[in-house]
1. Based on what the data block shows, is Gln257 open to solvent by 10 Å² or more (accessible area, probe 1.4 Å) and among the polar types (S, T, N, Q)?
2. Taking only region 253-292 into account, find how many residues are part of a helix (DSSP H, G or I), closer than 13 Å to Gly168 by Cα and not polar (S, T, N, Q).
3. Report yes if some residue within region 178-197 is within 24 Å of Trp54 (Cα to Cα) and within 16 Å of the ligand (Cβ to nearest atom); otherwise report no.
4. Every residue in region 221-230 that is among the hydrophobic types (A, V, I, L, M, F, W, C) and either open to solvent by less than 50 Å² (accessible area, probe 1.4 Å) or modelled with pLDDT under 95 (or both), please.
5. Considering region 45-67 alone, what residues qualify as being out of contact with any Asp or Glu (no Cβ under 9 Å at 6 or more places or on another chain) and either outside the structural domain of Ser92 (by TED's automatic domain parsing) or of a type in the set (Val, Ile, Thr) (or both)?
6. Is it the case that Val26 is more than 16 Å from the ligand (Cβ to nearest atom), aliphatic (A, V, I, L, M) and within 17 Å of the chain's Cα centre (by Cα)?
7. Given the condition within 16 Å of the ligand (Cβ to nearest atom) and either more than 19 Å from Phe125 (Cβ to Cβ) or assigned by TED's automatic domain parsing to the domain that holds Lys50 (or both), answer yes or no: does some residue in region 248-256 qualify?
8. Name every residue in region 297-318 that is open to solvent by less than 30 Å² (accessible area, probe 1.4 Å) and touching a residue at least 60 places away in the same chain (Cβ under 8 Å), in order of residue number.
Amino acid sequence: MTNLKASTGPQFARIMAVGSATPSRVIPNEFLLQYIDSSDEWITQRTGIKERRWIAEDENITTLSLDAARSAIERSGIAADQIDAVILSTISHYHQTPALAPQLATELGIPDAAAYDISAACAGFSYGLAQAESLVRSGQARHVLLIAGETISEITDLTDRGTAFLFGDGAGAVIVGPSETNGIGPVVWGSDGSQAGAIWQTRGWQEAVAEGTWPKLGMDGRAVFKWATGFIAQAAKKCLDEAGITADELDVFIPHQANDRITDTLLRYLKLPENVVVARTIRQLGNNSAATIPMAMDALLTSGEAKSGQTALIIGFGAGLVYAGQVIILP
Ligand code: UT7
């Protein structure tokens, strides 16, 4: 039998740089009280959220994704033509086809890149990172630009007491490239399709067209909360085990920002030392779906709370249900 050549690549990969973009409209809890029977006190106590950012008229998923990507590329120091693949993780792009990633790649001046969108909701960054790491280590791409961009405000039902206050818009991006030492631990990921009804799009395209309505996001908050504080806590521990480190060796924890109380429960379960820096961007940004983790990563590095070279545990979970996490070395 003919023996085909196989691609080979560097032994290790790492995140070389991160960038993010937040939209300009600040939406405080009070703004939402015109639509739902709630209070600033309830939203703050039950979730940690004080405000979130939503897109203004001149902003959209493309502008946010491009801003985040440009920042990551610039900080990485590589030229656009050294990027071989562009992955966009999103659940809020309007078009099922064509994917947005090829247009972003062209707009960014990246020639002839493999470019595609993935849909893994709030786990989308870690799903994409697992793919990017594999593409680099297998030699199928020298560098990968991974963007997570979301405008969940456009699919939020402002009259739904269970979701109206949760989500914000934004984008985060990273460049993944070759490394002398390992910067991305093994991914721990999975799905449970029997829980498809826990977070869902309220109408499929056919129903939406027939009704002349716009699909929105629905959620069984209690079910997701229970899953996140039980199963996901165990998955987070597995990320540490798979990377071969203990809680004492961790510097930074960046869980998906879905609820401060979920983060608190994960912290207790993992028994993380007091000095571990914990992302709490939900307070100012809400839940940004796939974009949450890279946005939080950039915020912690920019503020100086976290430092380049530190170990960080990231884990995302959401609609599918799907989850994914890994230990990384911060860029
Ligand atoms: O990113 C995707 C992953 N998503 C998540 O991880 C979300 C997970 N779920 C959650 O974060 C929480 O379930 C929510 C924040 C969405 C809701 O909080 P909760 O503590 O689970 O609320 P609940 O639905 O159990 O309701 C508790 C009480 C009820 O009142 P009673 O029956 O105890 O008198 C609700 O009527 O809070 C009431 N309530 C509200 N009150 C004021 C429910 N929604 C609201 C509201 N404002 N918006």
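The values are calculated or read from the model by the stated rules, or taken from the named source; none is laboratory data. All values derive from a computational prediction rather than experimental measurement. Note that we place each Cβ from the backbone using ideal geometry, even for glycine, and neighbour counts take in every protein chain shown. Heads up: the accessible areas ignore ligands, DNA and RNA and are worked out on the full protein's heavy atoms, side chains in. Shrake-Rupley method; radii C 1.70, N 1.55, O 1.52, S 1.80 Å.
1. Working: open to solvent by 10 Å² or more (accessible area, probe 1.4 Å): no; among the polar types (S, T, N, Q): yes.
In short, no.
2. Just the residues of region 253-292 that are part of a helix (DSSP H, G or I), to begin with: 260-270, 282-285, 289-292.
Subsequent filtering for residues that are closer than 13 Å to Gly168 by Cα retains 282-285, 289-292.
From what's left, not polar (S, T, N, Q): 282-283, 285, 290-291.
Total meeting the criteria: 5.
3. Step one: of region 178-197, the residues within 24 Å of Trp54 (Cα to Cα) are none.
No, region 178-197 has no match at all.
4. Ala223, Val224, Trp227, Ala228
5. Result: Thr63, single match.
6. Values: more than 16 Å from the ligand (Cβ to nearest atom): yes; aliphatic (A, V, I, L, M): yes; within 17 Å of the chain's Cα centre (by Cα): no.
So Val26 fails the test.
7. No, there is no match, as no residue in region 248-256 is within 16 Å of the ligand (Cβ to nearest atom) and either more than 19 Å from Phe125 (Cβ to Cβ) or assigned by TED's automatic domain parsing to the domain that holds Lys50 (or both).
8. Residues of region 297-318 that are open to solvent by less than 30 Å² (accessible area, probe 1.4 Å), as a first pass: 297-298, 300, 306, 311-318.
Matches in region 297-318: Met297, Asp298, Thr311, Ala312, Leu313, Ile314, Ile315, Gly316, Phe317, Gly318.
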